[in-house]
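The structure appears below as structure tokens.
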Amino acid sequence: AHAAAFLTASYWLTAWERSKTLTSHLPRHAAGSAAPPPSAPRNETTAAWIASVLGAAFLLWVVVVLVRRATRG
């Protein structure tokens, strides 16, 4: 269980660190277009925080489940 939790945490940390250098490949709207841009920087930051919190909660849930299974036997 410890090794599985460590591996999962390593994947999350690596993905988070590599995401710092990602850029958006969404098409830009034409100048003068009535449509707003796909997302504002504040929305992207909020989405990143939400994803991080959900990811951490999921990781915690996995660890709890694995520890419970390991201590039953």
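Every read-out reported here was derived from the displayed coordinates using simple, explicitly stated rules and does not represent laboratory data. Please read these numbers as outputs of a predicted model, since none were measured by experiment. Cβ coordinates were reconstructed from backbone atoms using ideal geometry, including for glycine residues, and neighbour counts include every protein chain displayed.
Calculate one ³J(HN,Hα) per residue across the stretch 9-16 by plugging θ = phi - 60° into the Karplus curve 6.51 cos²θ - 1.76 cosθ + 1.60, and present them in order as whole Hz with x for glycine and proline.
Each residue's phi maps through the Karplus curve to give 4, 5, 4, 4, 5, 4, 5, 5 Hz.
Quick one: length gained pulling residue 17 to residue 4 fully straight, 0.36 nm per residue minus the C-alpha distance?
In short, 2.7 nm is gained.
Calculate, for residue 49 and residue 71, the FRET efficiency according to 1/(1 + (r/R0)^6) with r their C-beta to C-beta distance and R0 25 Å; round to the nearest 0.05.
The value I calculate is 0.15.
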